[in-house]
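Worksheet: the structure to be examined is printed underneath.
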Amino acid sequence: MSTQKAPRRTTAKKPAAERTGVRERSAQATRDNILKAAIKIFARHGFAGGRVEQISRAARSYDRMIYYYFGSKEQLYVEVLEEVYRRMDVAERALDLEVGRPREALVEVVRFVWNYYRKNPELISLLNNENLLKGKHITKSERAQEYSSPAIAILDRILASGVDQGIFRAELNARDLYIMIASLGYFYLSNRHTLSAFLGEDMEHADALAHWERFITDSVLRVVCEGEVVASSGGIEALETAQV
């Protein structure tokens, strides 16, 4: 009596390209997790205080993977700074601005910057730390400047539209306006704790934050608009009423 062997089952191998794609996605996910963890650790402890083992533990990875993907702690820190700039750049590009209505578009930009700072405190912490280090690491970035260009370009178009309509002063430039908007929001939030103690009031209270947003917006409009336009508009409150 003869017996027949059951046919051997074969498992189809995945195509090489598919296997490579899976590995690449896994590697990218590991790299992204390390970068996210590094943003939190460096924001909390600064460059000197943020340790590689803290970052790898927070990323649920290993120290060697940080060196594999980034080369060094300093290069990881540089890419952290680049990443927080990149995220803001992406958010700025997503703004739906009607440049043909320059005052309204400018108000949207001011509010965006203020609220982005509020919602992303890690950005402020990282920039504070890097400024304490006198920009030692960000100057080694090859990408930092490319993230400032869209923001300046947006303001440049808004200013040009306002000048063409006789609403904005012609002598202003987008670079100066950007610094003004950024500084008014950044200083308040980065110094809110000491300001609260110094002024004896809660600078993080919702009413205080709302008041400062209106103050920034009104200040920018009064600097940018022609004198008679400012006087006739009544500042930001009148503009808000007109939009309702």
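The values are calculated or read from the model by the stated rules, or taken from the named source; none is laboratory data. What you see is a predicted model; the values in this text were computed from it and never measured. Positions of Cβ are backbone-derived with ideal geometry, glycine not excepted, and every protein chain shown enters the neighbour counts. Surface accessibility is based on the protein's heavy atoms, side chains included, excluding ligands, DNA and RNA. Shrake-Rupley method; radii C 1.70, N 1.55, O 1.52, S 1.80 Å.
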Open item on the list: Return the residues of segment 216-229 that are at pLDDT below 95 and surrounded by fewer than 17 Cβ atoms within 10 Å (Cβ to Cβ); say none if nothing qualifies.
Closed with: GLU226, GLY227, GLU228
Task: Qualifying positions in segment 75-86 - open to solvent by 50 Å² or more (accessible area, probe 1.4 Å) and in contact with a Phe, Trp or Tyr (Cβ under 9 Å, 6 or more places away or on another chain) - done: TYR85, ARG86
Task: Some residue of segment 109-116 being surrounded by 18 or more Cβ atoms within 10 Å (Cβ to Cβ), modelled with pLDDT of 95 or more, among the hydroxyl-bearing types (Ser, Thr, Tyr) and at negative phi - done: no
Task: Conditions (1) at pLDDT 95 or above; (2) surrounded by fewer than 17 Cβ atoms within 10 Å (Cβ to Cβ); (3) of a type in the set (D, E, K, R): number failed by GLU213 - done: (2)
Task: Tally of residues being touching a residue at least 60 places away in the same chain (Cβ under 8 Å) and open to solvent by 60 Å² or more (accessible area, probe 1.4 Å) across segment 162-177 - done: 1
- [ ] Sort through MET88, MET65 and tell me the only one that's closer than 15 Å to TYR178 by Cβ and of a type in the set (A, V, I, L, M).
- [x] MET88
- [ ] Within segment 178-192, track down each residue that is crowded, with 17+ Cβ neighbours inside 10 Å and of a type in the set (Ser, Thr, Tyr).
- [x] TYR178, TYR186, TYR188, SER190
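Using the structure shown, decide if GLU142 is at negative phi, within 14 Å of the chain's Cα centre (by Cα) and not basic (Lys, Arg).
no
Rundown of residues vs (1) part of a helix (DSSP H, G or I); (2) in contact (Cβ under 8 Å) with a residue 24 or more places away in the chain, yes/no style:
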residue	(1), (2)
GLY135	no, no
ALA160	yes, no
ILE179	yes, no
GLY185	yes, yes
THR194	yes, no
Open item on the list: For segment 35-60, which positions are basic (Lys, Arg) and either at positive phi or crowded, with 18+ Cβ neighbours inside 10 Å (or both)?
Closed with: ARG60
Task: Matching entry among ASP63, ASP96, ASP89, ASP32 (being open to solvent by 30 Å² or more (accessible area, probe 1.4 Å) and under 30 Å from GLN165 (Cβ atoms)) - done: ASP96
